[in-house]
Structures are given as structure tokens and as C-alpha cells.
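Everything on this sheet refers to the single structure shown next.
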Amino acid sequence: MTPHEQLLDKYAELTIRSGLNLRKGQQVLMTAPLEAVDLVRRITHHAYKAGASLVTTLYSDEQASLMRYTDGNSEAFDAAPSWLFNGMAEAFRDGNCARLAIIGENPALLSGQDIDKVSRANRARSVAYKPVVELITTFATNWCIISAATASHAKSVFPDLSPDAALAALWHAIFKCTRADLADPVAAWAAHNAALHARVKTLNEKRYTALAYKGPGTDFTLGLVDDHVWAGGASMAKNGIMCNPNIPSEEVFTMPHRERVDGIVRSTKPLSYQGTFIDGIQVRFEKGRIVEGSAAKGQDVFRKMIETDDGAARLGEVALVPHSSPISASGIVFNETLYDENAASHIAVGQAYSQNLAGTATMSAAEKLAAGMNTSLVHVDWMIGSGALDVDGVFKDGKREPLMRKGEWVA
Ligand code: ZN
Ligand code: ZN
């Protein structure tokens, strides 16, 4: 094996062992870009070695995806393969099939296309995909998202390098940020998970009622739901399997109260939202809702996104990431949320995660809403952390304590 193939193999093994923690006899359903075929084969090898009963891969192809916009009937943008997504939901429901998503598409693939078509297609897809999202976010099965380097994505990250050099540089960054380049990546992830779990335990014992943020262009208070649960690192799925849903992952996160966010927030990194870039977001929250919002780049897409439904203009996630995280230290803007959200503290508009509110398994939709849990067709993370962000934890009696200073944990 070449050095690259060796790293690819370690990355594949890490994905099966630490990411999915695949159990003997489970099936695997994998989605991947065509270009990731070498990685897919390595992963398939490790999945069968770990006792997979069947590995099924669904490939996507950027060129074919684009043809819908260049050659397709403009009346047909409300179509979505609900039959496929219903089948996926059926596979995940009983926890016998693990879900692996390999991402790596060109983040700007659809940026030149008609935004009405893009938003109609996204909306139809979100509606059809909802049964899958619900099963994944409630951890019906073990799941994991990883990234593969592709030519178009590499070019967007390293525009000044030659195509080959850009691809190599992106793979290098992926292996580094995922710890796949260490001698024993599986052991490194066990130690990393232990550190994240210790942070989660401390935060859960604090019982803050709110977090207060101050930074350049940012001055806001974010109320937490009363029975919030901080989470981070490996999570226990309902099938009893401890999985790492995101590789890499540096965040600890919990649930904001959908009606208790007030003040102004400025984003600190660009985000890629379903094929286009949004950058320089500035919003003002009032009672949890975005009442004023603009973006220096991708403003139309941003506006459309927060108008998707009522919950799209409210928060569903809040996450803290130290500014010194390996991804932030790499200095690279990956143009991909899986990486960029783990480089900085962030918030997400839209759907909240059930795991961040105690007792959701037995709560009705009305009870969850009353508790402050947000629901939406979308879940979009944007980065608000930097080396200039201060965060306080606010207690029930109004007293506060410093939690992060200049982007780093105080204790
Ligand atoms: Zn997050
Ligand atoms: Zn998120």
C-alpha cells in the first residue's frame, strides 16, 4: 500500500470501529459521492471484517445532479424520491442497519442555479427525508457522518493549488482533523470521547438557565430549556451501540429555548448551505425569533432558508467549541459544516435534537413545544465563535460566571 492508501485504510477502520462501532450481523447503508469509491471500498472491507451481514452503497454524481437544473423540466422541482427515503427509514427503524454518510460534494455546485428551483428542490427533499431525519436524530440506529476529499471540494478550499496538490492537501487536512494520522486512531478517539464526556458532565451539573455571549458584532443572551441535556462525543443509540455520529467532532451542545433568545449575533465563518455560500450573517433575535437578518453574501438564500417555516427563524442547537480546536488550528475554512462547525462555537436555526431535552421519549409534540423545543424542516449551523468571543454561564438567580474567555474554556 502507498502511504495514502495506508492512511485511507486507517480512516476506514476508524469509521467502522469508532464511528459506527458496527456490531456483528448488522447491515450498513452508505451514501457517498462517486469520487469516494476508494474510501468506500476500504470501508466496505472493514465493515465485512467487523461482521457486517450486508453493505449497500448509494452513490451520488455531481454532474448528474446538475443536469436536473440545466436540462430538467422547470415544473418538476417539487419531486423527491420519498419511496427511497421511506425504504431507508424502514432499514433504520429497528436498529439492525447502521447509517454511514460520506460527504464531500462541491459546496458551490448549485450557486449559479435559479434559487427558486434550488429552494423548491431542497424543500421537497426535506419533506420527503423527514422520516429518516427523525430516526437518525433520535438515534434509532448507530450512525456516522464523515467526509471524503473530492476534486471540486478541494478546489474550493485550496483555489491557488493545482488540482492534484489541492486534493492531496484536503486529504492531509482530513486525516489530521479526524486523528486518522495518529498511530492508534481508535485509542485516540477513546481518549477524546472521555474528555468531551467530562466536559458534558460538568456542564450538566451547572444547570445554567442561559448563556450570555459577547464578541465583535455579537451581544446576546440565549436561554436554555429547563431540562436541557448537554451532549458531545460518542452517543448511545437505542440499539445499545455507542457511536460517534460525527467524525470529526469537537463540540459540546445542548438545546436553546425557542422563545428565550434576545440580542444581536454576527457569524464568524462562511457556511455552505445546500450548494451555495452564505457569509457575513448579522441577525437580531427577539423572544427567540430572528426579527432582522442580513448576509453579506448569499442573502437571498439565507432569507429563504429562515423563511422555510416558523422554526427556521428560531434556534434548535447551541454548541461550544474552544478556539484552539485542531480544526480551528489548521486555519483552513473547509466550506463544509461537518468541519467548520467543529472549528468554532456555533448556533443552529431549525430542528432541535431530542437528546438535548430530558424525557422527550414520552412527551407529546405539544409538551415538547411547551418545554421550548424547536421544530423545523431545516437544521442549519452557523459559526459565531472566534478568539474574541466571551461566554458566561447564567444561573437561575441571575448570577453569572465566566465559561469561555477569548474563545477558550475558563476551567
Ligand atoms: Zn453542532
Ligand atoms: Zn447542528
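Any chance you could count how many residues in region 354-391 are within 13 Å of ligand 2 (Cβ to nearest atom) and in contact with a Phe, Trp or Tyr (Cβ under 8 Å, 6 or more places away or on another chain)?
Of the residues in region 354-391, 4 are within 13 Å of ligand 2 (Cβ to nearest atom) and in contact with a Phe, Trp or Tyr (Cβ under 8 Å, 6 or more places away or on another chain).
If you go through region 176-189, how many residues are surrounded by fewer than 20 Cβ atoms within 10 Å (Cβ to Cβ) and not in a loop (DSSP other than H, G, I, E, B)? Walk me through how you get there before you give the answer.
First, pick out the residues of region 176-189 that are surrounded by fewer than 20 Cβ atoms within 10 Å (Cβ to Cβ): 176, 181-184, 186-188.
Remaining after also requiring not in a loop (DSSP other than H, G, I, E, B): 176, 186-188.
Qualifying residue count for the region: 4.
Hey, residue 101 hits all of (1) surrounded by fewer than 20 Cβ atoms within 10 Å (Cβ to Cβ); (2) at pLDDT below 95; (3) not in a helix (DSSP H, G or I) but one; which does it fall short on?
(2)
Assess whether residue 342 counts as being open to solvent by less than 20 Å² (accessible area, probe 1.4 Å), within 16 Å of ligand 2 (Cβ to nearest atom) and closer than 15 Å to residue 248 by Cα. Let's see the steps before the verdict.
On the way: open to solvent by less than 20 Å² (accessible area, probe 1.4 Å): yes; within 16 Å of ligand 2 (Cβ to nearest atom): yes; closer than 15 Å to residue 248 by Cα: yes.
Spelling it out, residue 342 is indeed open to solvent by less than 20 Å² (accessible area, probe 1.4 Å), within 16 Å of ligand 2 (Cβ to nearest atom) and closer than 15 Å to residue 248 by Cα.
State whether the residues of region 208-216 include one that is exposed (fewer than 13 other Cβ atoms within 10 Å of the Cβ), in contact (Cβ under 8 Å) with a residue 60 or more places away in the chain and assigned by TED's automatic domain parsing to the domain that holds residue 357.
Filtering region 208-216 for residues exposed (fewer than 13 other Cβ atoms within 10 Å of the Cβ) gives 216.
Applying the additional criterion that residues be in contact (Cβ under 8 Å) with a residue 60 or more places away in the chain yields 216.
Now narrow it down to the ones that are assigned by TED's automatic domain parsing to the domain that holds residue 357: 216.
Yes, that holds for at least one residue.
Might you let me know whether region 159-169 holds any residue that is exposed (fewer than 15 other Cβ atoms within 10 Å of the Cβ) and under 23 Å from the mean Cα position of the chain (by Cα)? Can you show your working first?
So the first thing to find is which residues in region 159-169 are exposed (fewer than 15 other Cβ atoms within 10 Å of the Cβ), and the list is 159-160, 162-165.
Checking the rest, the ones that are also under 23 Å from the mean Cα position of the chain (by Cα) come to none.
Within region 159-169, none of the residues are exposed (fewer than 15 other Cβ atoms within 10 Å of the Cβ) and under 23 Å from the mean Cα position of the chain (by Cα).
Yes/no per residue for (1) out of contact with any strand residue (DSSP E or B) (no Cβ under 7 Å at 6 or more places or on another chain); (2) open to solvent by 20 Å² or more (accessible area, probe 1.4 Å); (3) closer than 21 Å to residue 159 by Cα:
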| position | (1), (2), (3) |
| --- | --- |
| 282 | no, yes, no |
| 294 | no, yes, no |
| 298 | no, yes, yes |
| 307 | yes, yes, no |
| 312 | no, no, no |
| 322 | no, yes, no |
| 329 | yes, yes, yes |
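Could we say that residue 287 is in contact with a Pro (Cβ under 8 Å, 6 or more places away or on another chain) and more than 14 Å from ligand 2 (Cβ to nearest atom) here? I'd like the intermediate steps shown before the answer.
Numbers: in contact with a Pro (Cβ under 8 Å, 6 or more places away or on another chain): no; more than 14 Å from ligand 2 (Cβ to nearest atom): yes.
Considered against the rule, which asks whether it is in contact with a Pro (Cβ under 8 Å, 6 or more places away or on another chain) and more than 14 Å from ligand 2 (Cβ to nearest atom), residue 287 comes out as no.
Under 9 Å by Cβ, and 6 or more places apart or on different chains, what pairs join a residue from region 42-57 that is aromatic (Phe, Trp, Tyr) with one that is part of a strand (DSSP E or B) and open to solvent by less than 30 Å² (accessible area, probe 1.4 Å)?
48/55
Is there a residue in region 164-174 that is at pLDDT 95 or above, under 22 Å from residue 273 (Cα atoms) and part of a loop (DSSP other than H, G, I, E, B)?
no
From the list 106, 86, pick out the single residue that is open to solvent by 30 Å² or more (accessible area, probe 1.4 Å), over 21 Å from the mean Cα position of the chain (by Cα) and closer than 26 Å to residue 130 by Cα. First the steps, then the outcome.
Numbers: 106 fails: over 21 Å from the mean Cα position of the chain (by Cα).
Result: 86 is the single residue among 106, 86 that is open to solvent by 30 Å² or more (accessible area, probe 1.4 Å), over 21 Å from the mean Cα position of the chain (by Cα) and closer than 26 Å to residue 130 by Cα.
With (1) closer than 23 Å to residue 139 by Cα; (2) over 19 Å from the mean Cα position of the chain (by Cα); (3) of a type in the set (Val, Ile, Thr) as the list, and residue 247 as the residue in question, which single condition is left unmet?
The failed condition is (2).
One residue is enough: does region 59-77 have a residue meeting the conditions open to solvent by less than 40 Å² (accessible area, probe 1.4 Å), under 20 Å from residue 136 (Cα atoms) and in the same structural domain as residue 18 (by TED's automatic domain parsing)?
Within region 59-77, not a single residue is open to solvent by less than 40 Å² (accessible area, probe 1.4 Å), under 20 Å from residue 136 (Cα atoms) and in the same structural domain as residue 18 (by TED's automatic domain parsing).
Could you count how many residues in region 309-332 are away from ligand 2 (no atom under 13 Å from the Cβ), at pLDDT 95 or above and either over 15 Å from residue 349 (Cα atoms) or touching a helix residue (DSSP H, G or I) at 6+ places or on another chain (Cβ under 7 Å) (or both)?
Residues in region 309-332 being away from ligand 2 (no atom under 13 Å from the Cβ), at pLDDT 95 or above and either over 15 Å from residue 349 (Cα atoms) or touching a helix residue (DSSP H, G or I) at 6+ places or on another chain (Cβ under 7 Å) (or both): 2 in total.
Taking region 223-262, which residues are away from ligand 1 (no atom under 16 Å from the Cβ) and surrounded by fewer than 20 Cβ atoms within 10 Å (Cβ to Cβ)?
226, 227, 236, 238, 239, 240, 242, 259, 260, 262
Quick test of your reading of the structure: residue 191 fulfils all but one of (1) among the aliphatic types (A, V, I, L, M); (2) assigned by TED's automatic domain parsing to the domain that holds residue 285; (3) touching a residue at least 24 places away in the same chain (Cβ under 8 Å). Name the failing condition by number.
(3)
If you take the residues of region 115-158 that are touching a residue at least 24 places away in the same chain (Cβ under 8 Å) and part of a loop (DSSP other than H, G, I, E, B), which of them is surrounded by the most Cβ atoms within 10 Å (Cβ to Cβ)?
142
The values are calculated or read from the model by the stated rules, or taken from the named source; none is laboratory data. Treat the numbers as computed from the prediction; the structure is a model and nothing was measured. Every residue, glycine among them, receives a Cβ derived from its backbone with ideal geometry; neighbour counts consider all protein chains shown. With ligands, DNA and RNA removed, areas are computed over all heavy atoms of the protein, side chains included. Shrake-Rupley method; radii C 1.70, N 1.55, O 1.52, S 1.80 Å.
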